[in-house]
Amino acid sequence: MSRLPAFATALAGLILGVVVILVLAAATLEADSRETGPGIAPVTDADFYDDGRPSSAKVALGQALFFDKLLSGNRNIACATCHHPRHASTDQVSLGLGTGASGLGLERTAGANQPVFGRVPRNSPALFNRGAREFATMFHDGRVEQDANGTWPSGFWTPAREQLPAGLDNVLAAQAMFPVLSSVEMAGHKGENEIADAVAANRLNEAWNLLAARLRTVPAYVALFRDAYREIATAEDISFVHAANAIAAFEATAFRADASPFDRYLRSGDTSVLGTPAERGMQLFYGKAGCSSCHSGPFQTDQAFHAVAMPQIGPGKGDGADESYWQETGFPVRLEDRGRYRVTYDSADLYKFRTPSLRNVELTGPWGHAGAYASLEAVVRHMLDPVASLDAYAIDQAILATPEAVIAISGSGATLRFDPVNPARLGDYRKRDGWVQATPALRGAIAAANELPSRALGDDEIDDLIAFLKALTDPTSRELDHLVPAAVPSGLPVAD
Ligand code: HEC
Ligand code: HEC
């Protein structure tokens, strides 16, 4: 009897010892994996819609639509204009020019006889890997979003609310319903065409139906739609939802990018595929530089919203109450962009933007939601000391065309007018580009919302971080010319 407790104690001691050893071993293993890598599962086909293999007929239709200016009210701009394969699925300027301008990328201009409706207020994001299921929100502020609660018949939270039709395959397809409604991007402004008029009257279904009606009149489109959809027998069966689903299938396929050195490392566990500087950079990224607290997961994004004091340039989204620009110039506009707050109206979301994926980030500049930074090093340095970088920011580093003719809003309600700006007033008009940055109260509000602490890194360490970011580049994304069709079914010039 008396020996049993002693034996039990010894056994317990032994078990405790083993447990301690196991815990220590696990801790060491964990420390090892923290030193050697992020512990992320490699990307597979199953991470993408249709398991990465949408129907090729749908993709072919989507490709034609993506490059066809027929989808714009004034037949002068396509999705590809701002998301061009030759420009890494963006337009490579800070803030682009929509309907009215001509040319692509840095060459896109609005000459004296080509009035544009101002600049697009945000940087055109790259579309890489947007066909991965984890991208559940679209736009820098996430205003198009999968709706888990079934609030709307469409299954998505969007600015169109109950007007968005059902039948959209996924959130990427839901997104494709919107650029065609944007006056500055594709629709044009009231009075220019019937699609813009329908949008101005908030008759969104009429606008989508008018676009579908255009597609129905092109026999080559009818053939492509019939190939892509069993339910389409005649032209009358074509809806814009079919178009949006096909565009999404094309985007998901064309811009999938998961063959970077980082992917090879995740698949093989062999850090040597990264090269030494990138390997050191990876340790910083997932370690003391603190990047992975937001840039987490296989695509380097937590898919959440954060305020990181990114400078705002350009016309903004008309938010806030500040009328200083209005008072000084007489143009009746406000110039702030309050980011996620625009969607939730929760003051905790002021100036928050979605953490961007860093896949192909080397190719996708300018960077930031307004494209404020034109160098990757500058934006990385911003992320290491956000408020100081915001305060020191000068707009001359942005890449902005100078439109020679612009249309401005006057009046409101029934008297709302869109008139060309008197050339003598263009100087005042252009002041809006740098207004937020130059106005201490507005810049200060962006700084005050910042949640990203600064971290001191040496220049060598910053070089290593950048080397790691470059290891996120899929080499096949450097050359996407093969995606540009020679012609589109409408016969309009392919997005130039
Ligand atoms: C005039 C330029 C322009 C045109 C034309 C345009 N886009 Fe965009 N696109 C943008 C900008 C700018 C944003 C970001 C807007 C925002 O966040 O408010 C964007 C956002 C997106 C996004 C969201 C990406 C993400 O990660 O959130 C997708 C997808 C997209 N566009 C696809 C399209 C498609 C499809 C078309 C054609 C139907 C199109 N775009 C036409 C400029 C353009
Ligand atoms: C608190 C979350 C957070 C942390 C930590 C963070 N980022 Fe970011 N990062 C963001 C957000 C949000 C944006 C977009 C901000 C905007 O556009 O307003 C961004 C933007 C970027 C961009 C520009 C990407 C683009 O496409 O425009 C780069 C590059 C970047 N971060 C790198 C880093 C690096 C490197 C680190 C670590 C030193 C880091 N980030 C740490 C949230 C974070």
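The values are calculated or read from the model by the stated rules, or taken from the named source; none is laboratory data. Because the structure is predicted, anything quoted here is derived from the model rather than measured. All Cβ positions, even for glycine, are placed from backbone atoms using ideal geometry, and neighbour counts span all protein chains on display.
Restricting attention to segment 259-286, which residues are within 13 Å of residue 464 (Cα to Cα), surrounded by fewer than 19 Cβ atoms within 10 Å (Cβ to Cβ) and out of contact with any Asp or Glu (no Cβ under 7 Å at 6 or more places or on another chain)?
275, 276, listed by residue number.
List every residue pair whose Cβ atoms sit under 6 Å apart, with the two residues 6 or more apart in sequence or on different chains, where the first one lies in segment 304-324 and is on the phi > 0 side of the Ramachandran plot and the second, anywhere, is assigned to a loop (DSSP other than H, G, I, E, B) and within 13 Å of ligand 1 (Cβ to nearest atom).
As it stands, the answer is 314/95; 314/121; 314/370; 316/121; 316/337, since those pairs meet every condition given.
Quickly run through segment 301-355 and pick out the residues that are within 19 Å of residue 125 (Cβ to Cβ), of a type in the set (Gly, Ala, Ser) and within 14 Å of ligand 1 (Cβ to nearest atom).
304, 314, 316, 339
How many residues does segment 140-150 hold that are part of a loop (DSSP other than H, G, I, E, B) and either crowded, with 19+ Cβ neighbours inside 10 Å or in contact with a strand residue (DSSP E or B) (Cβ under 7 Å, 6 or more places away or on another chain) (or both)?
Counting residues in segment 140-150 that are part of a loop (DSSP other than H, G, I, E, B) and either crowded, with 19+ Cβ neighbours inside 10 Å or in contact with a strand residue (DSSP E or B) (Cβ under 7 Å, 6 or more places away or on another chain) (or both) gives 4.
Go through segment 332-365 and give me each residue that's within 17 Å of residue 308 (Cα to Cα), crowded, with 22+ Cβ neighbours inside 10 Å and of a type in the set (Gly, Ala, Ser).
339, 357
Look at residue 68 and say whether it is at pLDDT 95 or above, out of contact with any helix residue (DSSP H, G or I) (no Cβ under 8 Å at 6 or more places or on another chain) and charged (D, E, K, R).
Considered against the rule, which asks whether it is at pLDDT 95 or above, out of contact with any helix residue (DSSP H, G or I) (no Cβ under 8 Å at 6 or more places or on another chain) and charged (D, E, K, R), residue 68 comes out as yes.
Which of the residues belonging to segment 347-387 are closer than 20 Å to residue 336 by Cα, within 6 Å of ligand 2 (Cβ to nearest atom) and assigned to a loop (DSSP other than H, G, I, E, B)?
355, 368, 369
Can you tell me which residue in segment 93-124 is surrounded by the most Cβ atoms within 10 Å (Cβ to Cβ), limited to those that are under 10 Å from residue 401 (Cα atoms), touching a residue at least 12 places away in the same chain (Cβ under 8 Å) and of a type in the set (D, E, K, R)?
The qualifying residue surrounded by the most Cβ atoms within 10 Å (Cβ to Cβ) is 119.
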